[in-house]
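**Student:** This is the structure I have questions about; it appears just below.
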Amino acid sequence: MKFMESSTANTLIFLSAIPISVLAFLITIHFIQKNRIKEREDRMMIYVFDIDGTLTIAGDRLNELKKDPPDWDRFYDRCDEDEPNQAIINLLRILDLDDHQILLLTGRRESCRKKTITYFEDHGVPVRCMDLVMRPDGNHEKGAVLKPKLFNEWARNRGLHKIDKSRFLFFEDASSVTKIWRELGYTCCQVEEGDF
């Protein structure tokens, strides 16, 4: 506690030695810079990537869904077995290097979060620096119903109450989800023919 009091006292002594006009100038510069950063963020593109079938190639684990009944638990348990879709991952990396905002919006269950993060880190994707929005455990809604809800909740949590749809570009494989994004007025690139 004495250190904090001493540190605060030293700061106050230092600030009292600076003329008011200089302090006012520095504070003004600070707020101008802060506003410029906010304005840049308000204009920045936001890229929204699906995971399964878009950033990854599901491969053999799709057989879990062909069973009667489909084995969703096993399907999700095997999510770390996917091959990376290198072309789309390279695009994501380029966008990330250029400081664009990236949202990973997936129908994967929340219980797969740790495996998902580890998978992407192992493949050179800095997922911890990105927003990762996942299906709540126990939710069984179709992706075309669920994803817009998850997206809207994410946008509200980010303070995006009035969404400029021209700032968003979606990457998706599912035809039904691609269709819904387009119907909602967003641009969506379908990277694979996902007929579901």
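**Student:** Return yes when Arg113 is part of a strand (DSSP E or B), assigned by TED's automatic domain parsing to the domain that holds Ala58 and either modelled with pLDDT under 95 or among the basic types (Lys, Arg) (or both) and no when it is not.
**Tutor:** no
**Student:** If I filter region 138-161 down to residues being in a helix (DSSP H, G or I) and basic (Lys, Arg), which single residue comes out as nearest to Lys179 (Cα to Cα)?
**Tutor:** Among those residues, the one meeting the criterion is Lys147.
**Student:** Could you check Val127 against (1) modelled with pLDDT under 95; (2) buried (at least 18 other Cβ atoms within 10 Å of the Cβ); (3) of a type outside the set (S, T, N, Q); (4) over 23 Å from Asp96 (Cα atoms) and say which number it fails?
**Tutor:** Among (1) modelled with pLDDT under 95; (2) buried (at least 18 other Cβ atoms within 10 Å of the Cβ); (3) of a type outside the set (S, T, N, Q); (4) over 23 Å from Asp96 (Cα atoms), Val127 violates only (4).
**Student:** Moving on to the next point. Output the residue which, of all residues in region 140-191 that are crowded, with 16+ Cβ neighbours inside 10 Å and among the charged types (D, E, K, R), is nearest to Leu91 (Cα to Cα).
**Tutor:** Glu172
**Student:** Right, something else. Looking for something exposed (fewer than 13 other Cβ atoms within 10 Å of the Cβ) and of a type outside the set (Ser, Thr, Tyr) - is there at least one such residue anywhere in region 99-114?
**Tutor:** yes
**Student:** Something else: With the structure loaded, tell me whether Arg61 is free of Cβ contacts under 8 Å to residues at least 24 places away in the same chain, assigned to a helix (DSSP H, G or I), of a type outside the set (Asp, Glu) and under 20 Å from Glu193 (Cα atoms) or whether it fails that test.
**Tutor:** Yes.
**Student:** List pairs: first residue in region 109-127 and under 16 Å from Arg93 (Cα atoms), second residue among the polar types (S, T, N, Q) and in a helix (DSSP H, G or I) anywhere in the structure, Cβ distance under 8 angstrom, at least six positions apart or on different chains.
**Tutor:** Partner pairs satisfying both residue conditions: Val127/Thr116.
**Student:** Among Val191, Val133, which is in contact with a strand residue (DSSP E or B) (Cβ under 7 Å, 6 or more places away or on another chain), part of a strand (DSSP E or B), among the hydrophobic types (A, V, I, L, M, F, W, C) and at pLDDT below 95?
**Tutor:** Criteria check complete, one pass: Val191.
The values are calculated or read from the model by the stated rules, or taken from the named source; none is laboratory data. It should be emphasised that the depicted structure is a prediction, and the values quoted were computed from it without experimental measurement. Note that each Cβ is placed from the backbone with ideal geometry, even for glycine, and that neighbours are counted across all protein chains shown.
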